[in-house]
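Contents: one structure, followed by commentary.
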Amino acid sequence: MSEVPQREGRRRVVIERVTPEIDCGRFAAKGVAGDDLVVEADAFSDGHDAISVVLLWRSEDEEAWSETPMEPLGNDRWRARFPLAGLGRHIYTVEAWVDRFETWRQDLAKRLAADQDLSVPLEVGAGLLEEAAARAERAGADDDAEELEAWAGRLRVEAAAGVETADHPALDPALASLARRYPDREHATRYPRELAVFADRPIARFGAWYEFFPRSTGPGEDHGTFRTAMEFLPYVAEMGFDVVYLPPIHPIGETNRKGPNNAVHAGPDDPGSPWAIGSAEGGHTAIHPELGTLEDFHAFREEAESLGLEVALDVAFQCSPDHPWVEEHPEWFRHRPDGSIQYAENPPKKYEDIYPLDFESEAWPELWEALKGVFEHWIGEGVRIFRVDNPHTKPFAFWEWAIGELREAHPGVVFLSEAFTRPKVMYRLAKLGFSQSYTYFAWRNQRWELESYLTEVTTPPVSHFFRPALWPNTPDILTEYLQTGGRPAFVARLVLAATAGASYGIYGPAFELLEATPREPGSEEYLDSEKYQIRDWNLSDGESLRPVVERVNRIRRENPALHRDDTLRFHPVDDEALVAYSKKDPDGANAVLTVVNLDPHHTRAGWVDLRLDALGLDTGESYQVHDLLGGSRHLWRGARNYVELNPNVMPAHVFRISRKTRTERDFEYFL
């Protein structure tokens with residue numbers, strides 16, 4: 001006969017399926033400081049006893065737990081929320097126990113309904129209250145202990161007197177609330193894992209990014225500086241962006257420097273690619289001399305901040321052949337059999353102007369420290385947002401360590417992962433700590449593609465650890481849709497990115513100036529790409545999308561529904577070229593419905609079948625839709641409504657939905 005297990009066998013409650021829980025608690029979920037984290041769990045016991053369930057939570061640097069009762073959702077599912085009061089890691093778990101007093105209370109109600117004798121049950125209840133009183137006394141709550149003792153005495157008197165009424169005082173909700181404060185938790189079940197959530201700054205979830213090259217802000221084709229780039233900042237701020245993102249600002253190598261359009265040989269005046277980092281002037285902690293000095297960078301950052309913009313820097317862990325590390329630390333690079341260092345390749349592509357770092361080097365600990373030091377340097381210079389180039393080509397273990405170390409010291413730092421790679425790799429990087437992630441949005445053009453992909457990345461379980469950043473273009477990506485769709489395609493992709501995504505960005509001025517010519521047919525590289533040469537942009541071009549960008553960003557700021565992704569819902573439309581989706585803020589006060597014509601060449605029309613529950617509307621209810629892009633207002637009723645979009649006028653509606661006021665209903669009646 002086997003022995004009785006040594007664990008406590010009187011813990012009868014089972015706790016399962018806690019959410020959010022990332023890979024059995026291996027990784028932290030994502031949150032935002034100032035928000036609540038909603039936690040759910042399955043909790044149940046054998047038999048018919050009532051149970052109580054609480055959410056336990058604390059910040060990582062606290063020892064004492066706070067707790068919040070979890071409310072039943074049905075089918076043994078429970079929910080509660082707790083506040084993310086500050087930046088950094090917060091810890092949570094779930095505890096549950098058989099609630100003997102609540103079980104007794106429910107049984108008493110059934111006995112009353114069945115007109116049964118209550119003398120014994122009342123004696124049992126009195127005993128439970130006396131036990132609760134003792135726990136209250138131990139907790140120092142003498143007044144509560146006295147009140148519980150009084151209730152116990154009253155039940156004994158009534159048990160002896162045989163008092164039986166349909167609204168028995170023992171069922172008083174005030175008594176239940178009092179007894180609930182002092183439960184018997186001796187045999188409580190604690191979920192075996194303590195889970196974590198990392199609370200970021202709000203900019204990690206909601207923000208509009210604008211990428212530009214400071215070197216293209218000089219007069220004509222002269223090399224720009226941070227000082228000339230400062231003059232460009234009001235243009236960016238007036239369009240309503242939150243983050244101004246700069247490609248690498250470091251010295252650029254001379255050896256194997258690339259020429260225009262990625263030519264293998266550069267001319268004497270060609271500036272090279274900013275991603276070929278390092279020269280005699282320095283490496284990843286230095287500034288390109290033609291951009292200016294560190295003081296000039298400080299002035300640029302301070303000017304940006306005065307305009308409400310935060311500066312993000314590109315971090316690309318690769319080196320030109322002229323980088324100081326090549327001589328100082330040759331062991332950090334991979335060598336060919338002849339002893340020369342291997343330049344970067346992704347066959348058939350060759351990147352002769354950069355050397356990749358060797359993370360399998362025997363000196364990997366020193367390499368890791370040096371790379372972390374790059375972030376620490378720029379954090380020391382006031383930068384709090386980093387876009388990380390190709391993180392999927394560096395070890396996962398490095399990113400988990402580096403981001404963890406940096407966040408512990410600087411919890412407000414935000415990291416954007418630029419990893420256009422396989423989904424599982426992108427998701428792993430997000431779990432390791434990247435605050436945001438580039439997505440496949442640029443290549444999702446059909447309605448079914450958009451609906452499927454955006455639903456995947458904005459709903460659990462993916463949304464617990466992955467924050468999508470939607471970019472219709474980058475210096476590396478000029479999609480076929482933008483190449484062939486003209487102005488309507490640019491507007492459609494802008495509206496999609498800015499309203500379907502809480503975080504989005506554009507690479508400008510190429511985007512608003514409708515740059516659409518590829519280097520060659522079938523390529524997604526720009527002709528005369530700014531990666532390899534200085535461009536002279538005509539910001540006063542009358543065809544510029546600047547007014548549309550300004551309007552879209554103003555709509556984003558003024559509508560809290562667009563500040564998050566978790567309420568994104570798609571609605572059926574009977575024309576496959578039309579996509580409709582909505583968002584609302586948590587309290588339902590603000591709701592936005594967007595309809596986009598995905599066909600940049602033809603007018604499309606159809607009937608939208610709204611999921612009224614997603615918008616907080618009732619069946620048959622009348623409501624107003626105000627097109628924040630075009631300005632028109634319409635009175636709609638019920639779920640099925642007609643839309644028509646001419647892409648050459650405006651390929652999208654962004655409707656703010658308002659319930660009708662009493663005056664509007666009365667006016668309609670008299671009509």
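The values are calculated or read from the model by the stated rules, or taken from the named source; none is laboratory data. What you see is a predicted model, and the numbers here were worked out from it, not measured in a lab. All Cβ positions, glycine included, derive from the backbone under ideal geometry; neighbour counts span all protein chains shown. Calculation scope for accessible area: heavy atoms of the full protein, side chains included, ligands and nucleic acids excluded. Shrake-Rupley method; radii C 1.70, N 1.55, O 1.52, S 1.80 Å.
Among the residues of segment 37-94, just one is open to solvent by 20 Å² or more (accessible area, probe 1.4 Å), in contact with a Pro (Cβ under 7 Å, 6 or more places away or on another chain) and either under 30 Å from residue 405 (Cα atoms) or not in a strand (DSSP E or B) (or both), namely 87. Whether a residue is closer than 22 Å to residue 372 by Cβ and either among the charged types (D, E, K, R) or in contact with a Cys (Cβ under 7 Å, 6 or more places away or on another chain) (or both) was assessed, and residue 408 passes this test. Reported count of residues in segment 630-652, each being modelled with pLDDT of 95 or more and open to solvent by less than 30 Å² (accessible area, probe 1.4 Å), is 7. When restricted to residues that are open to solvent by 60 Å² or more (accessible area, probe 1.4 Å) and either small (Gly, Ala, Ser) or under 18 Å from residue 415 (Cβ atoms) (or both), segment 167-204 contains 2.
For segment 409-439, what are the residues that are in a loop (DSSP other than H, G, I, E, B) and either over 16 Å from residue 499 (Cα atoms) or open to solvent by 40 Å² or more (accessible area, probe 1.4 Å) (or both)? Selection gives 410, 411, 412, 413, 419, 420, 421, 422, 433, 434, 435.
For segment 304-346, the tally of residues that are open to solvent by 60 Å² or more (accessible area, probe 1.4 Å), within 30 Å of residue 211 (Cβ to Cβ) and either in contact with a helix residue (DSSP H, G or I) (Cβ under 8 Å, 6 or more places away or on another chain) or not polar (S, T, N, Q) (or both) stands at 3. Here the strands (runs of 3 or more DSSP E) wholly within segment 575-629 that include at least 3 residues being surrounded by 16 or more Cβ atoms within 10 Å (Cβ to Cβ) and either free of Cβ contacts under 8 Å to residues at least 24 places away in the same chain or over 26 Å from the mean Cα position of the chain (by Cα) (or both) are 604-609, 622-627. Flag: residue 221 matches the condition of being open to solvent by 50 Å² or more (accessible area, probe 1.4 Å), closer than 30 Å to residue 286 by Cα and in a loop (DSSP other than H, G, I, E, B). Among the residues of segment 503-530, just one is surrounded by fewer than 21 Cβ atoms within 10 Å (Cβ to Cβ) and either basic (Lys, Arg) or more than 30 Å from residue 267 (Cβ to Cβ) (or both), namely 519.
Annotation: residue 11 fulfils all but one of (1) of a type in the set (D, E, K, R); (2) without any contact (Cβ under 8 Å) to a residue 60 or more places away in the chain; (3) crowded, with 16+ Cβ neighbours inside 10 Å; (4) farther than 30 Å from residue 468 by Cβ; the unmet one is (2).
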